[in-house]
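Asker: Here it is, the structure, as structure tokens.
Only the coordinates and a few stated rules stand behind these numbers; no lab work does. All of these numbers come straight from a predicted model, not from anything done at the bench. Cβ: placed from backbone, ideal geometry, glycine included. Neighbour counts: every protein chain shown.
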Amino acid sequence: YSDWYEPACGKAGCSTYKWETFLTQELPRYLAANKGVNPNRNAAVGLSMAGSAAMTLAIYYPQQFQYAASLSGFLNLSEGWWPMLVGLSMGDAGGYKSEAMWGPSSDPAWKRNDPMVNIDRLVANGTRVWVYCGNG
């Protein structure tokens, strides 16, 4: 759940994904204006592929997300085989290409969206973190 470099084209057609913009700007603005929700000091919680996104949102938007939880998430996306595995799972899930999301695995976006690479920022931000992973 990030802003993709290129449109996401798969079996269902093409869409322009700007999830980070939606979750950090558009949705909070709407909720504040229409539901009275405070846009600060919230939690980002993600299951599976959204687990890394929840952590990444807290890394880059610490005033907005003081709490982050990853439930069976992928937390080291730029390491080793993970870029290839992410690409395989995206292809299997709808014919999408990970390169459209963050470019080739050498692109800095992979490290930007990797919670383990940025764990020092979570610590510096004082983010309260919960990580859960089942035993299979």
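Asker: Among Ser2, Trp81, Ala58, whose Cα sits farthest toward the positive end of the charge dipole of the chain (+1 at Cβ of Lys/Arg, -1 at Cβ of Asp/Glu, about the Cα centre)?
Answerer: Checked the options; the winner is Ala58.
Asker: Between segment 27-41 and segment 61-117, how far is it from one alpha carbon centroid to the other, in angstrom?
Answerer: Taking the Cα centre of segment 61-117 as reference, the centre of segment 27-41 is 27 Å away.
Asker: Taking other Cβ within 10 Å of each residue's Cβ, how do Glu26, Glu99 sort, fewest first?
Answerer: Glu26, Glu99
Asker: Moving on to the next point. Counting other beta carbons within 10 Å of each residue's own, what order do Val86, Val131 fall into, fewest first?
Answerer: Working: Val86 20, Val131 14.
Exposure proxy ranking, most exposed first: Val131, Val86.
Asker: In the calculated pair distance distribution of the chain, what percentage of Cα-Cα distances lie above 21 Å?
Answerer: Counting pairs separated by more than 21 Å, the tail of P(r) holds 43 percent.
Asker: Counting Lys +1, Arg +1, Asp -1, Glu -1, what net charge surrounds Met101 among other residues with beta carbon under 11 Å of its beta carbon?
Answerer: For residues surrounding Met101, the net value is -3.
Asker: List the cysteines in the chain whose Cβ has no other cysteine Cβ under 4.7 Å from it.
Answerer: Cysteines of the chain left without a disulfide-compatible partner: Cys133.
Asker: Continuing with this model, one more query. So what's the back-of-envelope 222 nm ellipticity for the chain, counting only DSSP H runs of four-plus at -39500 (n - 2.57) apiece and dividing by all residues, rounded to 500?
Answerer: Calculated from helices alone, the mean residue ellipticity at 222 nm is -10000 deg cm²/dmol.
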